[in-house]
1. In the range 32-46, which residues are closer than 17 Å to THR157 by Cβ and either of a type in the set (S, T, N, Q) or touching an Asp or Glu at 6+ places or on another chain (Cβ under 9 Å) (or both)?
2. Would you tally the residues in the range 67-100 being of a type outside the set (Gly, Ala, Ser) and under 30 Å from LEU41 (Cβ atoms)?
3. Go through the range 444-484 and count every residue that is among the basic types (Lys, Arg) and farther than 27 Å from LYS422 by Cβ.
4. Among the residues of the range 174-184, is any more than 16 Å from ligand 1 (Cβ to nearest atom), farther than 30 Å from GLY295 by Cβ and surrounded by fewer than 16 Cβ atoms within 10 Å (Cβ to Cβ)?
5. Take the conditions within 16 Å of ligand 2 (Cβ to nearest atom) and in the same structural domain as PRO506 (by TED's automatic domain parsing) and apply them to ALA588. Does it pass?
6. Can you report the number of residues in the range 485-526 which are among the small types (Gly, Ala, Ser), under 31 Å from the mean Cα position of the chain (by Cα) and crowded, with 17+ Cβ neighbours inside 10 Å?
7. Would you point out which residue out of LEU301, LEU361 is modelled with pLDDT of 85 or more, part of a loop (DSSP other than H, G, I, E, B) and buried (at least 18 other Cβ atoms within 10 Å of the Cβ)?
8. From the residues in the range 533-586 that are of a type in the set (Val, Ile, Thr) and modelled with pLDDT under 80, which one is farthest from the chain's Cα centre (by Cα)?
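The values are calculated or read from the model by the stated rules, or taken from the named source; none is laboratory data. Since we're looking at a predicted model, the values are computed, not measured. Using ideal geometry, Cβ is built from the backbone for each residue, glycine included, and neighbour counts are taken over all protein chains shown.
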Amino acid sequence: MTMPGPWAAYRAVTQDRSQLKPVSRGVVRRVLGYARPYKGLVIAFLITLIATSILTVAQPLVFRVIVDDGITVGDAGLVTWLAIVIAVLAVVDAGVGIVSRWFSARIGEGLIFDLRTQVYAHVQRQSIAFFTRAQTGALVSRLNSDVMGAQQAFTSTLGGVVGNLITTIIVLITMLLLSWQVTVLALLLVPLFLLPARWMGRRLQLLTRQQMQDNAQMNAQMTERFNVAGALLVTLYGRPTDEDQQFSERAARVRDAGVSIAMANRWFFTALALVAALATAIAYGVGGNLVISGGISLGTLLAIIALLAQLYGPLTALSNVRVDVMTALVSFERVFEILDLPPLVSDRKNPPPVAVPDGPLSVEFDGVSFRYPTKEEVSLASLESVARDVEEAEPTEVLRDISLSIEPGQLVALVGPSGAGKSTMVGLVARLYDATRGSVRIGGVDVRDTSLASLHKSLGVVTQESHMFHDTIEANLRYANPEATPEQMRAALEQAHIIELVDRLPEGLDTVVGDRGHRLSGGEKQRIALARMLLRSPRVVLLDEATAHLDSQSEAAVQAALDNALSGRTALVIAHRLSTIRRADLIAVVESGRIVETGTHEELLSKAGAYAHLYETQFA
Ligand SMILES: Nc1ncnc2c1ncn2[C@@H]1O[C@H](COP(=O)(O)OP(=O)(O)OP(=O)(O)O)[C@@H](O)[C@H]1O
Ligand SMILES: [Mg+2]
């Protein structure tokens, strides 16, 4: 079996009940659906469990025959023969145990695999809104623990519940058949044990939960502080003694809870052993007298006592079956909840690709209004308890009635104060979100009516904070275009004016960048991101220019890189550089979610309106 008796009992009474809630009926049916591919294995597993239970009973019964018909009678041949039977039984028992574990591992790990791959695929296709809500750490650990919990349903719970049930029934029936008087008397102690065990279990649940929370806090403090960004903040603003104090308080709580848990633990097992010993004493006392008076044989008494030892663990574990099953189902339900979360942005049925002929495409905003989705629309109820609850105001419209038309090959610059809605506009073209009202069209087709894959294939997006995976430069470039040849990569790096830097690095294209790799400067990163975008040969470029002021040399390099990146393509650029604004075919000034002015640099300057003001304060 998967768990020895006393431990199964311990696990059963200490299981955390805080997350328990009634599960809907559909969940059970769905869980069975997941079990279906493993039907054969489950049946085989159950057979091994029954075999184990029968073997548990068989040994004491053979003892009985050895004592009564062998030793007492003086039949040496029978004794030897039965001793061999016992040895064979032991070997068979060991073999069945191993086979049983193989079945349960195959089922459990197979199930983890199924759930994990499904959840990964589903979460990956969630809209950006989902990720702005979910804390990555909480999400990942929750997914892990739920997937594990669901797996437990099949190995521990199925194995534990079914195994314990079969064992208890077979052992009890055998004992009652051997001597119902001794059995009943010995079992009188069961309630005496179960009550304190349940009380202890509740206490342990509380302590364990408390310790987990304290541990999580302690770990959070470490992960927050022990990384470059956190350490920098602590170094510059921190108060090391206060930090020490806070940490040691948390660590002390973990220590105290640890001591209490260890003691409660000991009490539980001591009580279990003690009750079993007392029951044995009763059995010896009552049974011994019965043997003397000739009511039962000596072998029967010994068999009953051996069986008694097998009874208490499974019995205790069974007293908590309901909790076991519920816990497993709740884990499943939470995994299902994630699988059922529809992505906010998704393809409609059989969408056609973006307009087919090659070359730059037009981009059009037609009366677009937009508000960011609310918590209810994107987040997961079961994850809310993990995320900190923030009071939220009614979402306001971030974009209001935006109309803007960009002809194929044109460069349109968006300018405006911080928070005006420029990045949001760009996000709508890439369908990170869908417009609340109005429509965004690319090549004359509403972005919602084309396939996401083809839309993203025709777009080249460079965000303000270009992210690189923790991998080599080559791998990061290849992510945009897996088929890119080394020559194409070099050409892209050359066009992005970053080839000199890459050539200077000792490991060149194999240099690892990103979180813990080589640190690239802001300007360098932007140019690598441009090269990555160029490798995609997009038909429309969406670019959020970095605000950082570069020295004139890097400025010139970025400028030249941009010239290459934008030529022959439709471009929507959130411009922070005068040079970009100057070459734009059209400038749109965005303020508080509206387009307040459009025109060329000269036209707008002569208007002496919003743009002229912005120009004087920001660009001049
Ligand atoms: N994920 C989000 N959820 C809710 N509100 C958001 C979200 N992202 C941005 N906002 C809000 O939408 C408004 C417009 O933001 P946006 O990022 O489009 O501004 P921006 O013009 O790009 O500013 P900046 O020049 O500083 O980058 C801001 O008020 C911002 O607080
Ligand atoms: Mg922005």
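1. Listed by number, the list holds a single entry, TYR34.
2. Looking only at that region, the number is 8.
3. 1
4. Among the residues of the range 174-184, not one is more than 16 Å from ligand 1 (Cβ to nearest atom), farther than 30 Å from GLY295 by Cβ and surrounded by fewer than 16 Cβ atoms within 10 Å (Cβ to Cβ), which makes the answer no.
5. yes
6. 1
7. The unique qualifying residue is LEU361.
8. Within the range 533-586, the match that is farthest from the chain's Cα centre (by Cα) is VAL558.
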